[in-house]
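Trainee: Can you read through this structure? Questions will come right after.
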Amino acid sequence: MGKNARKTSLYNAKSTNKPALSKTREESLATTSDVLGKKLRNFPEPTKTPEAGNARVISVVNQKGGVGKTTTAINLGAALAEVGRRVLLIDFDSQASMTTGLGIKGTALREQYGSIWYLLNDSEAKLEDFILKSSVPGLDFIRGHEDLAAAEAAFVSEIAKEHKLRKLLAPVLDRYDVVLIDCSPSLGTLTVNALTASNGVIIPMECEYFAVLGLSLVKKTIQKIKENTNPQLEILGILATMFEKKTSHSREVLELIDKEFPDEVFDTIISRTVRFSESTVAGVPVTAYASSSTGSASYRRLARELIARGGAK
Ligand SMILES: Nc1ncnc2c1ncn2[C@@H]1O[C@H](COP(=O)(O)OP(=O)(O)O)[C@@H](O)[C@H]1O
Ligand SMILES: [Mg+2]
């Protein structure tokens, strides 16, 4: 009997332990299902790699700084690359934090040649000559530069200034499945360029009250772009970032946004975790720095959700 009992308990220990572990990880991923009680949707692992060509261009936009635009562009990009998508990231912010987050620092970062700034200023330069490979297979990028801020003012008098980025990107679209543009915290000429070049927009939004007020401004800008330079532009989703499960404030803010834009809020919610700042310092996406963290799992879920919703191929 003793022998059998031991067998049973061993069996039980094994069979209960494993699912319990993976369940804990799944449970700690925030979604609109557990936070707002919406229907839980599971997004399948995308298996098929799309046919080459005609990349979807997506701008990551919010005029507020520090809301998770760069973090989203890098980690969503890395998560899409993990499922076989060929991804090009464009650092379109003069702070060049995406470039830093991908490991380029010091003199290399200050070099104008090879940056998006240089591309915008030299009419002979071709974007394909300046594509860099990140440490993640399938994830390429174009370096940012601090002088990009000055480009904003320099463009103002140019003809067709809103279309500069679209024209630069056109020759490489056939090489990628997704192009992600990390925008600056403003709705000026550079962001107008990004939106004019894009099929869709992702709006990361910190779960904090003032963020709600800023949302209508982003939406107004998108509407203007649709009316003037890019009628097919669509909002792919509003992404709640830096969510704190333990405070009621995060949830209240999310409830407000969801009430106003029920179809636009991504099911996937990105929780606040120190892993993101750590991975920036390390110069790699969080999916490489802490592959089994909830931060990585959230961005992988977002990648599946984006593909399932048709926002990316
Ligand atoms: N979900 C998150 N949890 C904790 N820190 C985050 C999160 N997302 C981003 N951060 C950190 O917050 C800061 C601002 O994020 P960032 O992506 O650079 O915002 P933006 O590009 O909108 O200015 C960075 O230090 C980043 O590492
Ligand atoms: Mg940024």
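The values are calculated or read from the model by the stated rules, or taken from the named source; none is laboratory data. Predicted model, so just to flag it, every value in this text is computed and none were measured. Note that we place each Cβ from the backbone using ideal geometry, even for glycine, and neighbour counts take in every protein chain shown.
Trainee: May I ask you to list the residues in the stretch 42-82 that are surrounded by fewer than 14 Cβ atoms within 10 Å (Cβ to Cβ) and away from ligand 2 (no atom under 15 Å from the Cβ)?
Mentor: 42, 44, 45, 47, 48, 49, 51, 52, 53, 54
Trainee: Quickly run through the stretch 46-70 and pick out the residues that are of a type in the set (Val, Ile, Thr) and away from ligand 1 (no atom under 13 Å from the Cβ).
Mentor: Of everything in the stretch 46-70, those that are of a type in the set (Val, Ile, Thr) and away from ligand 1 (no atom under 13 Å from the Cβ) turn out to be 47, 49, 57, 58.
Trainee: Out of all the residues in the stretch 83-105, which are more than 15 Å from residue 180 (Cα to Cα), more than 10 Å from ligand 1 (Cβ to nearest atom) and out of contact with any His (no Cβ under 9 Å at 6 or more places or on another chain)?
Mentor: Answer for the stretch 83-105, where residues must be more than 15 Å from residue 180 (Cα to Cα), more than 10 Å from ligand 1 (Cβ to nearest atom) and out of contact with any His (no Cβ under 9 Å at 6 or more places or on another chain): 83, 84, 103, 104, 105.
Trainee: Then there's this: Quick one: which helices (runs of 4 or more DSSP H) sit completely within the stretch 231-313 and have at least 3 residues that are of a type outside the set (Lys, Arg) and away from ligand 1 (no atom under 15 Å from the Cβ)?
Mentor: Passing ranges, in order: 248-260, 294-308.
Trainee: Answer yes if at least one residue in the stretch 87-94 is crowded, with 20+ Cβ neighbours inside 10 Å, in a helix (DSSP H, G or I) and within 10 Å of ligand 2 (Cβ to nearest atom), and no otherwise.
Mentor: no
Trainee: For the stretch 175-190, indicate whether the set of residues that are in a helix (DSSP H, G or I), farther than 26 Å from residue 146 by Cα and either in contact with a helix residue (DSSP H, G or I) (Cβ under 6 Å, 6 or more places away or on another chain) or more than 16 Å from ligand 2 (Cβ to nearest atom) (or both) is non-empty.
Mentor: Looking through the stretch 175-190, at least one residue is in a helix (DSSP H, G or I), farther than 26 Å from residue 146 by Cα and either in contact with a helix residue (DSSP H, G or I) (Cβ under 6 Å, 6 or more places away or on another chain) or more than 16 Å from ligand 2 (Cβ to nearest atom) (or both).
Trainee: Right, something else. Which members of the stretch 103-144 meet the condition of being within 18 Å of the chain's Cα centre (by Cα) and either part of a loop (DSSP other than H, G, I, E, B) or acidic (Asp, Glu) (or both)?
Mentor: Correct list: 103, 134, 135, 136, 137, 138, 140, 144.
Trainee: Among the candidates 261, 276, 243, single out the residue that is of a type outside the set (Ser, Thr, Tyr), farther than 24 Å from residue 141 by Cβ and either buried (at least 19 other Cβ atoms within 10 Å of the Cβ) or in contact (Cβ under 8 Å) with a residue 60 or more places away in the chain (or both).
Mentor: 243
Trainee: Further question: Tell me which of these residue 249 doesn't satisfy, since it passes every other one: (1) surrounded by 22 or more Cβ atoms within 10 Å (Cβ to Cβ); (2) over 21 Å from residue 99 (Cα atoms); (3) not hydrophobic (A, V, I, L, M, F, W, C).
Mentor: Only one criterion in (1) surrounded by 22 or more Cβ atoms within 10 Å (Cβ to Cβ); (2) over 21 Å from residue 99 (Cα atoms); (3) not hydrophobic (A, V, I, L, M, F, W, C) is unmet by residue 249, namely (1).
Trainee: For the stretch 101-158, which residues satisfy the criterion of being of a type in the set (Lys, Arg), within 19 Å of residue 74 (Cβ to Cβ) and touching a helix residue (DSSP H, G or I) at 6+ places or on another chain (Cβ under 8 Å)?
Mentor: 143
Trainee: Kindly indicate whether residue 73 is modelled with pLDDT of 95 or more and either more than 13 Å from the chain's Cα centre (by Cα) or within 16 Å of ligand 1 (Cβ to nearest atom) (or both).
Mentor: yes
Trainee: Is there a residue being within 15 Å of residue 204 (Cβ to Cβ) and without any contact (Cβ under 8 Å) to a residue 40 or more places away in the chain anywhere in the stretch 230-237?
Mentor: Taking every residue of the stretch 230-237 in turn, at least one turns out to be within 15 Å of residue 204 (Cβ to Cβ) and without any contact (Cβ under 8 Å) to a residue 40 or more places away in the chain.
Trainee: Would you pick out the residues in the stretch 64-86 that are in contact with a strand residue (DSSP E or B) (Cβ under 9 Å, 6 or more places away or on another chain), under 24 Å from residue 189 (Cβ atoms) and outside any helix (DSSP H, G or I)?
Mentor: 64, 66, 67, 68
Residues checked against (1) within 30 Å of residue 104 (Cβ to Cβ); (2) among the small types (Gly, Ala, Ser); (3) under 18 Å from the mean Cα position of the chain (by Cα):
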position: 221; (1), (2), (3): yes, no, no
position: 231; (1), (2), (3): no, no, no
position: 242; (1), (2), (3): yes, no, yes
position: 245; (1), (2), (3): no, no, no
position: 265; (1), (2), (3): no, no, yes
position: 271; (1), (2), (3): yes, yes, yes
position: 276; (1), (2), (3): yes, no, yes
position: 289; (1), (2), (3): yes, no, yes
position: 294; (1), (2), (3): yes, no, yes
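Trainee: Ok, one more. Scan the stretch 256-277 for residues that are more than 16 Å from ligand 2 (Cβ to nearest atom) and polar (S, T, N, Q) and jot them down.
Mentor: 268, 271, 273
Trainee: If you go through the stretch 297-313 one residue at a time, how many are under 13 Å from residue 81 (Cβ atoms) and of a type in the set (Gly, Ala, Ser)?
Mentor: 2
Trainee: Does at least one position in the stretch 269-282 carry a residue that is closer than 27 Å to residue 47 by Cβ, at pLDDT 95 or above and touching a strand residue (DSSP E or B) at 6+ places or on another chain (Cβ under 7 Å)?
Mentor: Checking the stretch 269-282: at least one residue is closer than 27 Å to residue 47 by Cβ, at pLDDT 95 or above and touching a strand residue (DSSP E or B) at 6+ places or on another chain (Cβ under 7 Å).
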